[in-house]
Amino acid sequence: MERKKIVVLTGAGISAESGLQTFRDGDGLWENHRIEDVATPDAWRRDPELVLRFYNMRRAACLAAQPNAAHIGLAKLEEKHDVVIVTQNIDDLHERAGSSNVLHLHGEITKMRSELDDEKLYPFDREILIGDKALDGGQFRPHVVWFGEAVPNIEIAFPLVNEWAEIVVLIGSSLAVYPAAGLLKYAAAHIPKYVLDRKIPDVNGITNITKIEKTATEGIAELLNILHY
């Protein structure tokens, strides 16, 4: 296969095999917390200490996790293709696996920012505590996009999928969180699309789809075979 431009959309399912929990797999709780209590602007205003404690634990869990075969397989794609990964995940497992072009839609757990400034980022290299402030006087918070907040990088992702990509791959996403869930629909009708998940989400109305109903690690192995690795 000639060198192609591939956009890979990844969701929580790819990191689940590294031991990172996704709240949508169970009862709507994320590590035994209601999303409304730990991952919304209202939660931050109501109980910032709880929110910080929750994300301090998430950062520790992400750093303890290791990239799995699916992350490593995607990094391998760069040997023969031009690859951009657009991920809903806040962990850094794609980067640690060796992928060089990763766009995080929902932020990065390894970074933090002032609550007063969305732009200037700092390394999240220790626990964030109440009273830890940036130079502008704002309390530090994790650099993550909470439910109800804007998703700035979606404006970069749409043209990548719609205009740049020659192949689009979706891995481990339930297509339930918008606006990220709408990205696959923006892919050009004529290009190949591969959907990898142990439970294929609703992709009715989308053309040129190959469904691989397997876990992320098994699905990536099959995809690499299809792409002649």
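Structure notes:
- Length released on extending from HIS190 to ASP118, taking residue separation times 0.36 nm less the Cα-Cα span: 22.2 nm
- Using alpha-carbon coordinates, inclination of helix 216-226 to the longest axis of the chain, degrees: 30 degrees
- Here the chain is treated as a sphere whose radius is the Kirkwood value from Cα pairs; by Stokes-Einstein at 25 °C and 0.890 mPa s it diffuses with a coefficient of 135 µm²/s.
- Heavy-atom accessible surface of the stretch 139-219: percent carbon and sulfur, 1.4 Å: 51 percent
- For GLU222 and LYS4, a Förster radius of 22 Å and the Cβ-Cβ distance give a FRET efficiency of 0.80, rounded to the nearest 0.05.
- Rounded accessible area per residue of the stretch 1-100, 1.4 Å, Å²: 45 Å²
- Packing-based ranking of 148-159, 64-75, 82-93, 35-46 yields 82-93, 64-75, 35-46, 148-159, ordered from highest to lowest mean Cβ neighbour count within 10 Å.
- Table column - 3J(HN,Hα) (Hz), the stretch 202-209, Karplus curve with 6.51, -1.76, 1.60, x for Gly and Pro: 5, 10, 4, x, 9, 8, 6, 9
- Chain lengthening between ASP125 and ASN208 when straightened (0.36 nm per residue, less Cα-Cα): 25.5 nm
- Degrees separating the helix 48-64 axis from the principal Cα axis of the chain, which is the longest one: 40 degrees
- Coarse-grained scattering of the stretch 110-229 at q = 0.11, 0.18, 0.23 Å⁻¹, given as base-10 log I(q)/I(0) from a Debye sum over alpha-carbon atoms: -0.54, -0.95, -1.23
- Between GLU36 and LYS80, the contour length at 0.36 nm per residue exceeds the Cα-Cα span by 11.6 nm.
The values are calculated or read from the model by the stated rules, or taken from the named source; none is laboratory data. Bear in mind the structure is a predicted one, so any value in this text is a computation, not a measurement. Here Cβ is always computed from backbone atoms with ideal geometry, including for glycine, and neighbour counts include all displayed protein chains. Accessible surface is based on the protein model in full, side chains and every heavy atom, while ligands, DNA and RNA are left aside. Shrake-Rupley method; radii C 1.70, N 1.55, O 1.52, S 1.80 Å.
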